[in-house]
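What follows is calculated from the coordinates using simple rules that are stated; it is not laboratory data. No experiment lies behind these values; they were computed from the predicted model shown. As a convention, Cβ positions derive from the backbone with ideal geometry for all residues, glycine included, and neighbour counts pool all protein chains shown.
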Amino acid sequence: MATTDKSSLKLTKENLEAEDFLPLLGTDFVELYVGNAKQAAYYYMAAWGFQPLAYAGLETGLKDRVSYVLQQDKIRLVLTSPLKSGGDINRHIDAHGDGVKVIALWVDDARESYVETMKRGAESYFEPRAKRDADGEVVLSGIHTYGETVHVFVERKNYKGAFMPGYRPWKPFYKPTDVGLKYIDHMVGNVGWNEMNKWCQFYAKVMGFAQLVSFDDKDISTEYTALMSKVMSNGNGRIKFPINEPADGRKKSQIEEYIEFYNGAGVQHMALATDNIIETVTSLKNRGVEFLTVPSSYYEDVLDRVGTIDEDLAPLSELGILIDRDDEGYLLQIFTKPILDRPTMFIEIIQRKGAKSFGKGNFKALFEAIEREQESRGTL
């Protein structure tokens with residue numbers, strides 16, 4: 001993703017309702033503030049198949065933080081830890097635990113992206129700035145979104161280095177094989193009571209997104225818990241942000257649990273795409289990644305609901321992979337248990353076979369699985 005040919009910049013408008021005054025080329029990187037970046041980097045490499053890309057720290061002139069950059073196909077993670085006590089990174093980790101701080105968006109013009117969003121009501125994170133080294137120039141700017149999460153606009157058309165100025169290539173001996181992850185399909189934000197519409201309006205007004213689909217408490221509910229969700233997307237469909245809020249239920253929902261342990265709004269999960277979910281999930285399980293499970297009865301009538309699929313049902317059932325269909329095709333998906341000590345962030349693996357939706361038919365089975373985990377934690 002450091003360089004790209006012009007053909008990849010031709011953007012087809014998929015979400016016709018989006019204003020598209022802010023052309024987004026894709027997700028550039030996701031930065032997590034973590035307690036120990038060195039060990040977190042090893043986890044994402046060993047368990048998730050990410051490859052080492054770049055590094056910044058004491059050896060590159062930084063005195064307050066260290067960052068490891070990992071990549072798998074079009075997915076880039078930046079793992080950042082503080083080197084000294086005090087400061088914003090320590091405070092963020094103390095409040096939220098490990099979690100996503102930056103959702104960076106790849107743009108053709110970071111200065112113009114900042115101007116366009118600011119004049120529509122964005123709150124500035126930082127003004128446009130250029131970083132340069134022998135490999136060229138990267139221009140960055142940033143705005144705030146829900147909670148303490150921020151969007152950074154990244155313009156890298158004049159850069160040919162590994163990541164960006166201030167980082168050096170990171171080439172450790174240990175380079176595990178990847179697991180077939182391709183790109184970020186969508187990223188889900190959890191917000192507080194009655195805040196979903198506020199943030200959907202933010203993405204519509206400030207960033208030109210439009211609503212793709214919405215789910216109410218009738219769609220996403222079980223006997224005990226419920227939530228509401230709306231999916232916001234930019235014009236070309238490369239950036240999709242579902243926004244969740246709690247809904248009234250008999251017990252504490254997963255969104256309420258998240259808000260309690262994260263201490264506010266934040267990124268609940270990343271959905272990572274694969275072209276072969278059976279191979280990817282098999283590899284992940286063999287490396288120790290734990291997934292939510294659904295009862296075997298889910299598979300007894302699933303084909304009656306979704307129709308014919310290309311895959312054999314047996315390995316899907318064995319792995320616990322869910323299936324759903326919409327007017328465009330079908331999808332296969334599975335969700336990890338929380339990947340952090342706090343019951344906050346998790347990861348979804350998704351393979352789309354034409355489907356544009358988000359697995360509405362699986363909501364009940366998925367949420368009951370989450371409730372079983374909540375019950376075991378004593379937080380339901």
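Miscellaneous remarks
- Between the amide H of Ala247 and those of Ala226, Leu227, Met228, distances stay under 5 Å, these residues lying 5 or more places away or on another chain, with hydrogens modeled in the peptide plane.
- Cut-off under 5 Å, modelled amide H: who pairs with Arg76 long-range: Val30
- Placed amide H near Gly99: partners under 5 Å, 5+ positions off or other chain: Tyr33
- Multiplying the residue separation of Asp301 and Asn36 by 0.36 nm and subtracting their alpha-carbon distance yields 90.9 nm.
- Reachable aspartates and glutamates from Lys84, criterion Cα separation under 18 angstrom, eight or more residues apart if same chain: Glu59, Asp64, Asp94, Asp98
- Cα lying deepest toward the dipole's positive end in the range 14-169, options Leu53, Gly99, Thr145, charges on Cβ: Leu53
- Convex hull of alpha carbon positions in the range 14-169: directionally averaged projected area 10.1 nm².
- Distance histogram for the chain (every C-alpha pair counted, 20 angstrom bins, percent rounded to whole numbers): 28, 61, 11, 0
- Per residue, the average separation of C-alpha pairs within less than 8 Å and at least 6 apart gives the chain a relative contact order of 17 percent.
- Long pairs among Lys230/Lys252; Lys101/Lys171; Lys38/Lys175; Lys101/Lys240; Lys63/Lys175, criterion Cα-Cα beyond 22 Å: Lys101/Lys171; Lys63/Lys175
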